[in-house]
1. For residue 61, what accessible surface area do you get with a 1.4 Å probe? Give it in Å², rounded to 10.
2. When only DSSP loop residues count, what trypsin sites (Lys or Arg not before Pro) in segment 24-76 have their Cβ near at most 16 other Cβ atoms within 10 Å?
3. Points 7 angstrom from Cα along the Cβ direction at residue 20 and residue 56: gap in nanometres?
4. Simple spin-label model, 7 Å along Cα-to-Cβ: residue 39 to residue 12 in nm?
5. Leaving out ligands and nucleic acids, and using a 1.4 Å probe, what accessible area per residue does the chain come to in Å²?
6. Search the structure for amide H atoms under 5 Å from the amide H of residue 37, placed 1.01 Å from N in the peptide plane, and list their residues when 5 or more places away or on another chain.
7. Multiply the residue gap between residue 32 and residue 4 by 0.36 nm, knock off their C-alpha separation, and tell me the result in nm, one decimal place.
8. For segment 1-40, place one equal point scatterer on every Cα, skip the solvent, and apply the Debye formula. What is log10 of I(q)/I(0) at q = 0.24 Å⁻¹?
Amino acid sequence: HTPVLQQILKELIGPGARVSIYDEHFFPDQGVLNTSYDFVFCTEVVEHFKRPQIDWVRLFSCAKAGSRVVIMTLMH
């Protein structure tokens, strides 16, 4: 099972693209959280934060200085 956004990014960027994924339940490899990225996409996640102060810091710590953090959510 490959998340849709990961597949789209690999197709847009090309075969050499490195796209890492983290999901606390489905892709729990915390090793990817120890790397800094040029782009961080967070889709439909922030509404599930259990520890917002810690989770926001963790999210932004994955972004390189000057990089983009893109957040998409549907709040009910």
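1. 70 Å²
2. Values: sites: 50, 58, 64, 68; in loops: 50.
In loop regions of segment 24-76 (DSSP not H, G, I, E or B), the sparsely surrounded trypsin sites (Lys or Arg not before Pro) are 50.
3. 2.3 nm
4. Computed distance between label sites residue 39 and residue 12 equals 0.4 nm.
5. On the way: 6020 Å² over 76 residues.
Roughly 79 Å² per residue, with all protein chains present.
6. 63, 64
7. Working: separation 28, 0.36 × 28 = 10.08 nm, distance 1.83 nm.
8.3 nm is the gain from fully extending residue 32 to residue 4.
8. -0.91
The values are calculated or read from the model by the stated rules, or taken from the named source; none is laboratory data. Quick caveat: nothing in here was measured; it's all calculated off a predicted structure. Cβ atoms come from the backbone with ideal geometry, glycine included; neighbour counts cover every protein chain shown. Protein only, heavy atoms only, side chains kept; ligands, DNA and RNA dropped before computing areas. Shrake-Rupley method; radii C 1.70, N 1.55, O 1.52, S 1.80 Å.
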